[in-house]
Each structure stands twice: as C-alpha cells, then as structure tokens.
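**Q** Have a look at the structure that comes next, please.
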Amino acid sequence: MEETTVNHELLQKLSARFGERIISVTEPYGLLTFETGKDAVIDVLEFLKKDLGFTFLTDITAVHYPEKHALAVVYHLHNLVQRQRIRMKVFLSEDKPVIPSATLLWNGANWMERETYDFFGIRFEGHPDLRRILNMDELGVHPMLKQYPLEDPNRVDKKDEYFGR
Amino acid sequence: MNMNQNHPLLTDNDPQEELVTLNLGPTHPATHGVFQNVLQLDGERIVSGVSTIGYIHRAFEKIAEHRPFYQITPLTDRLNYCSSPINNMGWHMTVEKLLNIQLPKRVDYLRVIIMELSRIADHIICNTIIGQDTGATTTFLYLFQFREHIYEIFEEVCGARLTTNIGRIGGFERDFNSIAFDKIRKFLKEFPDALREFEKLLNRNRIFIDRTAGVARVSAEQALDYSWTGPLLRAAGVDYDVRVSEPYSSYEEFDFEVPVGTSGDIYDRFLVRNEEMWQSLKLITQALEKVEKEPKGIFHADVPEFYLPAKEEVYNNMEALIYHFKIVMGEIDAPKAEVYHAVEGGNGELGFYLINDGGRTPYRLHFRRPSFINYQMFAPMSKGMLLSDAIINMSSMNIIAGELDA
C-alpha cells in the first residue's frame, strides 16, 4: 500500500512534466512501469536522474515482440536513497530500431547498450563505440530476435503444440 | 582517469619510439578467466586498453526462452560459478515472486545459511587471489581449504559441489541432514580462527599495503556512474546492499552490518570483503538459531503445481504422480506478468528480469550480471596504471568469466 502511494506521487511528477508522453502505466509487483516515445527518452531519463533521484542505472535490455513488429528497450533505474525502482519501456519498430544512447547520462550504459545492440540489433545513436560485445563480429544476425530458432526447427519433441498447447 | 600521474608519457627525446602492444589473455594465468585485454604499453605503464569479452558466451538467455522454469536453474549455476547457490536461489525467488508463493520461515533461514556460505566461498576466492597476485601464495593456500569445507556442506545438502543446482522452486529438494548441520557448526567454529590469521598475515602487511592502498582508486561518483554494485561499490563508500535495501528471504529479521570503505582502492575492497565474511558468519549463526526454533522437517512450501514431488511419492501417490507429470511435461501455466528480482550476489546486484506470457517457458529472461557491468570500467581505469597494478585491480574486481559472458 505504501509503495503504491510513493509510485503514485512519482507518476504525478512525471506526468506533470511530460504529460501525454508518459503512457501505459502499470505496476507489476509494486514496480512502477511506464512507456514513452523514443523522442522523449533522454529527457525523461535526465529528469529521473537529476530531479527525481534515480541516479543509478540498473540495467538496459530489450524484448522482441514479433506479432507487434516491435522491439521494446527496457530501462531499470534505481533511487538508492529512497530505495525505489522504476522501469521504463520504449517501443521501436522492427524496421528502424534506432534510439538515442543513454551513455550521455551514465558511462555504465556503454556495455549494456552494446549487449542490446549485439543481441537485438538496436542502434543507439550517439553511442561512442557501438560494436558487438559477446558474439563474434562476423555473426551477421542478432540472435535474440524471435525469428532465430534455438535449435533445429524440424525437431518435434519440444514443440508446444504436441503438448496440447 | 589518470591513476598514476607521476609516470610520464612518452616524451620527444624518449629512446623508445613506439608503444608495445600486449595481448593480456584470452588465456593468461593472471586474468583468472577467459577474457582478453589488448593493452598499449609504454614500458610498464598502460597507455590504453581495449577489453574483448565473450569467449565463453553460451547464449543462456536464448536457451532460457526454450526451457521450463525448473530447468533454468542449472543455467544460473554457470553464471557466477564461484557462488552458484546464490544464483540458484535468486532465480527460484524470482519465480516465487512471479507466482506469489509465500515460503515457510524455516526455508528462508536455510536459504540464508546456504547463500551466506557461498558468499564466504566467493570472497575467499577473491581475497586469496589478491594475496596470490601480490606474491603471497601462503595466504591463498591457507584459506582456500575452507572453501573446500563449504563445498562439502553443499555436497551434503544437494549432492553437488560447484554447479550446485541447489533447491527447487518453493524450497529445497530435501531437508538438511544432521551431518550437514554438524559440518556447518564445525565450519562456524573453525573458520573464524583461520580468517583472523589470514587478516593478520595481510591487513597490516607493509608490502601488501604498498601494493594495494591507493591503487585503482574509484570515487563514489565514478562507481555509481558505471553502475557498480556489491563490494566494489561499497568500498567506494556507497552503502548499497540489496539485502538491506530490498530484503528478500527474511534478511530483514537478521542483525548484520554493511561494511563500507572510503577510497574505493584495492585495499578497501579487500577489507570490505573480509568484513563481509565476518558478517556472513554472524548471519549463519543467527540463521542456525532461528532454524532451531522453527518446526522441524519443513523444507519447502506447499505448492504442488510447481514443486517437484519426491520420487517415492510419485510412485505411490496419485496426486504426486499427476503433478509430477504436469510439471515435467510443462502443463502448468504461470501468470502473464513481468517481474524483476534482485539478490546480493558475491559480486553485486544479481538481477533477473523475467517476462512471462503465460506459457511454460519464459518469454524473455534477462540476467543483470554484476561482473559484466563492473568490468566495463576496467579498461578506462587502467589508463596510466602500471601493468602489475592493473593485474591486481582485475583480481580485486573478482571478474568471473561465466558471469561476464552469460
């Protein structure tokens, strides 16, 4: 209950500043989650960091939603003083996954963004050194995208449809 | 970030005309793991460095998308393989959070015992290796046998030593036997003496202090800027510990301190880790007391849909057989939700970001791996450092290749 009030106050501050650009607010397991557009990413992150105390960047990652033809970049931020976390998502189109880099605000974003680029092909504009990080340079694909199967697609012993799904 | 300003750059009349390129790794005895640094050296001093990682990348996040929850536990073993039980339990707690499972207190306390033992094992490795890399092999050999004792406890509890796959979603696969408790008590009795002697050998050792104090200083601002967590961040003076800031597994009931350093140098990191071992001992002692007050024989929560029943049950009891079949065949749905859960691993905040779409496997699972995030500062901070300092800096960061590469 307490968490909800804190999240509510936080959301009010965000909405007062960004209005319509803060959308789809949810609160799974007490963690305030919202979406924003890619034009507002740096503004929102900067506001969270400098004005609301979310000085710590926990993680950057991405999720692929092939049915929606979208990729979501997910930011987890942490306010270490008030012990509060927040999650921000930015949906990008599959055809042009470009988003401004958060390395302007945190040096720690460097490798997190490289990893996200490596696995999802998301281009972070303004990143100082956007290269693959875990996969080999010659790989040619971004392997975490859902269209790449883990193993031989002809195997039938692991398909959900054979288990009544 | 010039750490060593008094060592000059190449000057105009320098007899040496070009920099030397050194490949430190991928398999170099001083890196204690498979990762590479291409360093430009001016004599002994590092001018620039580029880290190359990914040599043991095993695509765990991709594999996890194709596995039921209980089959992901062995993958987490292989992240930070020096403290596998913390990873296992972090993952179990993530799923329990997703499913809203409340654990019996006894299970929480047993988990605390195992997690703190693995924290000690992890810190033993890091701190003895710092000793080893500064030339003190004695301390390494001396304290390392206690890691062996910890592994014997794990062996007693789950049958495995290094990649433990310990516990299940909802608790443990079996109760701790009396030998396990005896071994834990024996460890609690013997380890303090050894740790005290270990500290006596190094804490006030002039050579050790000269090699480590003031080397690779990191300010709190830099550490936060690079998203450092764990002992490294605490050595820089930020008292962030997931066990305190977001207590899990009943850590809020325990009385322990979070040691912090001031300068973030290698010596502070060493001291912070040592003190954390003392605090872990304190936690284990308290947990043992608490376990004794709880009703005996409870080692898992009552969640038949997710907790694999014992084999005898499966053969003799219809409900158990049904649930066993359903769990193994992946017939049971988990709620559609997303959850982030973090635990304090040996190296820092180990986070699990799980998105479930209602199926039998995660839609997406991301590991926030502290080694990966901590290590990115290594190359920039090595600039201007002596090669030998960079080596102990790397040891003090406790970079575990499995966690680095996932």
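The values are calculated or read from the model by the stated rules, or taken from the named source; none is laboratory data. All of these numbers come straight from a predicted model, not from anything done at the bench. Glycine gets a Cβ as well: all are built from the backbone with ideal geometry, and neighbour counts include every protein chain shown.
**Q** Can you find, within region A:110-126, the residue that is nearest to A:His69 (Cα to Cα) among those that are within 13 Å of chain B (Cβ to nearest Cβ) and among the charged types (D, E, K, R)?
**A** A:Asp118
**Q** Kindly evaluate B:Ile46 against the criterion of being buried (at least 16 other Cβ atoms within 10 Å of the Cβ), at pLDDT 90 or above and in a loop (DSSP other than H, G, I, E, B).
**A** When the stated conditions are applied, B:Ile46 does not pass them.
**Q** If you check every pair at least six apart or on different chains, which have Cβ atoms under 6 Å apart with a residue in region B:29-43 that is within 15 Å of B:Ser382 (Cα to Cα) and free of Cβ contacts under 8 Å to residues at least 24 places away in the same chain first and a residue that is among the small types (Gly, Ala, Ser) and in a strand (DSSP E or B) second?
**A** Cβ pairs passing all conditions: B:Gln40/B:Ser48.
**Q** Taking B:Tyr81 as the residue in question, decide whether it is within 14 Å of chain A (Cβ to nearest Cβ), assigned to a loop (DSSP other than H, G, I, E, B) and either surrounded by fewer than 23 Cβ atoms within 10 Å (Cβ to Cβ) or out of contact with any Cys (no Cβ under 9 Å at 6 or more places or on another chain) (or both).
**A** Criteria not met by B:Tyr81.
**Q** Mind checking whether some residue in region A:6-13 is assigned to a loop (DSSP other than H, G, I, E, B) and out of contact with any helix residue (DSSP H, G or I) (no Cβ under 6 Å at 6 or more places or on another chain)?
**A** No, that holds for no residue.
**Q** Quick one: B:Ile391 ticks every box in (1) over 23 Å from B:Phe60 (Cβ atoms); (2) of a type in the set (A, V, I, L, M); (3) assigned to a loop (DSSP other than H, G, I, E, B) bar one, so which box is it?
**A** (3)
**Q** Shifting gears a bit: On the basis of being free of Cβ contacts under 8 Å to residues at least 24 places away in the same chain and farther than 26 Å from B:Met377 by Cα, does A:Leu92 make the cut?
**A** Answer is no for this residue.
**Q** Here is a further query. Which one of B:Met93, B:Met115 is of a type in the set (A, V, I, L, M, F, W, C) and touching a His at 6+ places or on another chain (Cβ under 9 Å)?
**A** None of the others qualify; the one that does is B:Met93.
**Q** Further question: Given region B:261-368, what helices (runs of 4 or more DSSP H) lie entirely inside it while holding 1 or more residues that are out of contact with any Leu (no Cβ under 9 Å at 6 or more places or on another chain) and under 27 Å from B:Gly402 (Cβ atoms)?
**A** Because the criterion is at least 1 residues that are out of contact with any Leu (no Cβ under 9 Å at 6 or more places or on another chain) and under 27 Å from B:Gly402 (Cβ atoms), the helices (runs of 4 or more DSSP H) in region B:261-368 that meet it are B:266-293.
**Q** What number of residues in region B:216-227 are surrounded by fewer than 21 Cβ atoms within 10 Å (Cβ to Cβ) and either touching a Cys at 6+ places or on another chain (Cβ under 7 Å) or more than 19 Å from A:Asp59 (Cα to Cα) (or both)?
**A** 2
**Q** Yes or no: region A:90-97 includes at least one residue that is more than 10 Å from chain B (Cβ to nearest Cβ), out of contact with any strand residue (DSSP E or B) (no Cβ under 9 Å at 6 or more places or on another chain) and modelled with pLDDT under 95.
**A** Looking for residues that are more than 10 Å from chain B (Cβ to nearest Cβ), out of contact with any strand residue (DSSP E or B) (no Cβ under 9 Å at 6 or more places or on another chain) and modelled with pLDDT under 95, one finds at least one in region A:90-97, hence yes.
**Q** Against the condition within 12 Å of the chain's Cα centre (by Cα) and either at pLDDT 90 or above or of a type in the set (D, E, K, R) (or both), how does A:Val44 come out, does it pass?
**A** Criteria not met by A:Val44.
**Q** How about region B:21-34: which of its residues are of a type outside the set (A, V, I, L, M), surrounded by 15 or more Cβ atoms within 10 Å (Cβ to Cβ) and more than 18 Å from B:Ile125 (Cα to Cα)?
**A** B:Gly25, B:Pro26
**Q** Oh, and also: Would you point out which residue out of A:Gly140, A:Gly108, A:Gly121 is modelled with pLDDT of 90 or more and either touching a Pro at 6+ places or on another chain (Cβ under 7 Å) or more than 20 Å from A:Leu57 (Cβ to Cβ) (or both)?
**A** Of the residues listed, the single one that is modelled with pLDDT of 90 or more and either touching a Pro at 6+ places or on another chain (Cβ under 7 Å) or more than 20 Å from A:Leu57 (Cβ to Cβ) (or both) is A:Gly121.
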